[in-house]
1. Could you check the range B:62-156 for strands (runs of 3 or more DSSP E) lying wholly inside it with 1 or more residues that are among the hydroxyl-bearing types (Ser, Thr, Tyr)?
2. Which of the residues spanning the range A:205-219 are over 22 Å from B:Ser171 (Cβ atoms) and assigned to a strand (DSSP E or B)?
3. Which of the numbered conditions does A:Glu127 fail, given that it passes all the others? Conditions: (1) touching a Phe, Trp or Tyr at 6+ places or on another chain (Cβ under 8 Å); (2) modelled with pLDDT under 85; (3) closer than 15 Å to A:Phe82 by Cβ.
4. Which ones in the range B:99-125 are surrounded by 14 or more Cβ atoms within 10 Å (Cβ to Cβ) and among the charged types (D, E, K, R)?
5. Can you pull out the residues in the range B:73-93 that are out of contact with any Pro (no Cβ under 9 Å at 6 or more places or on another chain), under 19 Å from B:Pro159 (Cβ atoms) and either surrounded by 19 or more Cβ atoms within 10 Å (Cβ to Cβ) or of a type in the set (Phe, Trp, Tyr) (or both)?
6. Kindly check whether there is at least one residue in the range A:26-49 that is modelled with pLDDT of 85 or more, β-branched (Val, Ile, Thr) and over 21 Å from the mean Cα position of the chain (by Cα).
7. Condition first: facing another protein chain (nearest Cβ under 7 Å), among the aliphatic types (A, V, I, L, M) and buried (at least 23 other Cβ atoms within 10 Å of the Cβ). Now tell me which residues in the range B:164-188 satisfy that.
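The values are calculated or read from the model by the stated rules, or taken from the named source; none is laboratory data. Quick caveat, the model's predicted, so the values are computed rather than measured. Backbone-built Cβ (ideal geometry, glycine too); neighbour counts: all protein chains shown.
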Amino acid sequence: MAKRKRHKMEFEIEDVNLLPIMNLITLLIPFLLLSAQFIQIGVILVEPPRISSGGSSGGPNNANQPEKRELNLTVVVTGDGFSVNYKPNGTPVSLCPEKGKQPCIKAKMVGGKKTYDGHALQKLLFERVWKPFMKRNSLEPDKMKSNLFKDWGRVAILANDDIPYEVIVKVLDATREFPPEAKGVVSGRLACEFKKPLGEDEWVMKGNCMFPFAQISSQ
Amino acid sequence: MADRMTSEEKARLERIEAKKAERREAAKKFRNDPLKITSLMDALTIILIFLLKSYGSDPMQVPQKKNELILPKSDSMSNMAECVDIQVSRTSIVVKGKAVSKVVDGKNVPSDELSTDGHIIVKLKERLEELKKKAESAASSAGKKFVPEAFIAADQKVPWKLVAQVLYTASYVKYKKFSFAIVKTRGG
């Protein structure tokens, strides 16, 4: 009788004992929650500042094509706002819509805080610089030979010493990324991304960038 | 006896029996039913996997502190890579976890810690040179080329001058690439 009973017991389906796993998981979750990062940290790549008056540092330029011009796109950041100028024909031209009015994009006081309009700068660069020259320029390596300007994709940012760092980051965003208005003009996703493949030394550009190589200096 | 029972009594007995059986059944059910935790386990496992995924994905973490080091927000999508990190907070400049210089009023490096032309932070220069030498010898023994790169995590409110001094110092020590740490505003 007893033997038969034991035999029967072996075939009974027992529930899995989840208690130890539950113990483990309930301990792990608070610990991981504590150490979890809910904000994602990224980077913006910048070129080293020019120390002496020596030539520009590296980048896409072809020394065997002397006829190429330099665009010298410059964004000046002062306490009053942004001004933009470039040299499409060898002479510096201000990009302000109204001539002689400096700065072009004025910083506004919003709620007692000085606010710079990054989007306006982005739009200005896109409409006045990128769009008129885009057919003859490209950041694609294979089309480099047909480029008009050897420093296409570069932008110099001149900032006053007392400008808060977050404004510089805003300018970097405005020069690097396309504005939402570029949808339809630029094919693909409007995002500029740099990636560093594992084990490599160089960053590789991915996605659509407007003027991704920024060199910031003090004014 | 049985046939002497009226049909009424029979029905009553049957009802009692039925009730008893029902109660027995209910008691049995209550005893044998364990807590249903399968769905809870499912949820917990999913949470666990997500937390584990976010745990080790970033090569470097920047400890942010209110009124000291808050990174600016940006639309940049690029992720960081391993390199020398310089933290510029409102109170100090820290290189790889070691403080090299103080920051006064959340604005300036004391003038006695600057070089004579005011562009180079002397202690920072020494520390970066030391780190570069170390990394170079490590890279050469591994047969690799070393590209000195610096990762700068600066507070959003510090003046540009302070960051510029750090940049000048690092490029004086021949650091070739710089990346600014930001908090991503769009996912990806």
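1. Numbers: elements: B:84-88, B:92-95, B:98-102, B:149-154.
Passing ranges, in order: B:92-95, B:98-102.
2. Step one: filter the range A:205-219 for residues over 22 Å from B:Ser171 (Cβ atoms), giving A:206-210.
Passing the criteria: A:Lys206, A:Gly207.
3. (1)
4. Taking the range B:99-125 as the starting set, the residues that turn out to be surrounded by 14 or more Cβ atoms within 10 Å (Cβ to Cβ) are B:99-101, B:103, B:106-109, B:113-115, B:119-125.
Residues satisfying the conditions are B:Lys107, B:Glu113, B:Lys123, B:Lys125.
5. Just the residues of the range B:73-93 that are out of contact with any Pro (no Cβ under 9 Å at 6 or more places or on another chain), to begin with: B:73-78, B:85-86, B:88-93.
In the following step, the residues that additionally are under 19 Å from B:Pro159 (Cβ atoms) were identified as B:73-74, B:86, B:88-93.
The answer is B:Ser74, B:Ile86, B:Val88, B:Ser89, B:Arg90, B:Ile93.
6. Scanning the range A:26-49, I find at least one residue that is modelled with pLDDT of 85 or more, β-branched (Val, Ile, Thr) and over 21 Å from the mean Cα position of the chain (by Cα), so the answer is yes.
7. Within the range B:164-188, B:Leu167, B:Ala181, B:Ile182 meet the criteria.
Residue by residue, here is whether (1) assigned to a loop (DSSP other than H, G, I, E, B); (2) surrounded by fewer than 16 Cβ atoms within 10 Å (Cβ to Cβ); (3) modelled with pLDDT of 75 or more holds:
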{"residue": "A:Val76", "(1), (2), (3)": "no, no, yes"}
{"residue": "A:Gly90", "(1), (2), (3)": "yes, yes, no"}
{"residue": "A:Lys145", "(1), (2), (3)": "no, yes, no"}
{"residue": "A:Ile157", "(1), (2), (3)": "no, no, yes"}
